[in-house]
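Structure, as structure tokens:
The values are calculated or read from the model by the stated rules, or taken from the named source; none is laboratory data. Nothing here was measured: the structure is a model prediction, and the numbers come from that model. A quick note on method: Cβ atoms are made from the backbone with ideal geometry, for glycine too, and the neighbour counts reach across all protein chains shown.
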Amino acid sequence: MLATKNMILLLFAMLILFAGRSYADDAHSKSIATTSKARVISPISLLNVDAQGLDFGSIVIGTSDSKVKVTATASIVSNVASGDAVILTSTPQSAAKFTVSGESGKTYSITIPSNMTISFGANSLDIDNFVCSNGSGGTIGTDDVFYIGAELAVPAAAIPGSYQGTFNVTVAYN
């Protein structure tokens with residue numbers, strides 16, 4: 001009987017020892033499971049519709065420095081913002097036209113240049129005051145088409161020729 005009592009006391013002591021150790025382990029570390037997730041969406045894309053670039057048309061040089069304006073709209077009204085240059089209506093002007101696509105309902109930002117230069121050989125003309133019909137961005141599925149317009153400086157001393165250049169338009173998800 002004494003051996004049985006000692007055995008019970010030994011088992012009880014071991015139980016207390018392991019229970020204490022287990023409790024002590026919980027005091028210095030905790031572990032919990034949580035979720036992780038990701039939403040994969042369609043990439044954003046930009047298309048220059050029908051390769052319609054920014055076209056100021058055919059301009060007759062004036063006797064004073066002039067500014068020719070192309071509005072950021074589908075229908076352009078010939079516009080000499082300042083000076084006395086003349087825009088020939090036989091060669092229509094056009095705003096650059098773009099369409100953006102991607103995840104419907106996502107907002108995006110549009111980055112356009114502040115200025116650029118177009119060239120004819122060693123000669124150049126400056127373009128500035130770029131404007132976008134969608135402002136600085138839009139929502140895919142709502143504002144998918146937009147236009148870019150600007151102003152072209154045509155100095156009275158401009159050299160006649162076909163001036164060309166390129167500019168970048170960037171769209172990005174917000």
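Is it the case that the stretch 45-55 has a residue that's within 25 Å of the chain's Cα centre (by Cα), of a type in the set (Ser, Thr, Tyr) and modelled with pLDDT of 65 or more?
Taking the stretch 45-55 first, the residues within 25 Å of the chain's Cα centre (by Cα) are 45-55.
From what is left, the residues that are of a type in the set (Ser, Thr, Tyr) are 45.
Keeping just the survivors that are modelled with pLDDT of 65 or more gives 45.
There is at least one residue in the stretch 45-55 that is within 25 Å of the chain's Cα centre (by Cα), of a type in the set (Ser, Thr, Tyr) and modelled with pLDDT of 65 or more.
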- line: Note on the stretch 60-75: residues part of a loop (DSSP other than H, G, I, E, B) and touching a residue at least 24 places away in the same chain (Cβ under 8 Å) are 61, 62, 63, 64, 65, 71, 72, 73, 74
- request: Output the residues belonging to the stretch 101-126 that are touching a residue at least 40 places away in the same chain (Cβ under 8 Å), part of a strand (DSSP E or B) and either touching an Asp or Glu at 6+ places or on another chain (Cβ under 7 Å) or basic (Lys, Arg) (or both).
  value: 101, 117
query: Quick check: anything in the stretch 107-125 over 26 Å from residue 83 (Cα atoms) and of a type in the set (Gly, Ala, Ser)?
result: yes
field: Members of the stretch 132-174 that are surrounded by 14 or more Cβ atoms within 10 Å (Cβ to Cβ), of a type in the set (A, V, I, L, M, F, W, C) and either in contact with a helix residue (DSSP H, G or I) (Cβ under 7 Å, 6 or more places away or on another chain) or farther than 17 Å from residue 100 by Cβ (or both)
entry: 150, 152, 153, 154, 158
query: Which condition number does residue 161 fail, the rest of (1) in a strand (DSSP E or B); (2) touching a residue at least 40 places away in the same chain (Cβ under 8 Å) being met?
result: (1)
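This table checks each residue for (1) more than 14 Å from residue 153 (Cβ to Cβ); (2) buried (at least 18 other Cβ atoms within 10 Å of the Cβ); (3) of a type outside the set (Val, Ile, Thr); (4) in contact with a Gly (Cβ under 7 Å, 6 or more places away or on another chain).
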position	(1), (2), (3), (4)
74	yes, no, yes, no
77	yes, no, no, no
82	no, no, yes, no
91	yes, no, no, yes
query: Restricting the search to the stretch 35-54, which residues are in a loop (DSSP other than H, G, I, E, B) and closer than 11 Å to residue 100 by Cβ?
result: 44
query: What single numbered condition from (1) within 18 Å of residue 57 (Cβ to Cβ); (2) in a strand (DSSP E or B); (3) touching a Phe, Trp or Tyr at 6+ places or on another chain (Cβ under 6 Å) fails to hold for residue 171?
result: (1)
- prompt: Take the residues of the stretch 19-44 that are exposed (fewer than 10 other Cβ atoms within 10 Å of the Cβ) and among the hydrophobic types (A, V, I, L, M, F, W, C): which is modelled with the lowest pLDDT?
  reply: 24
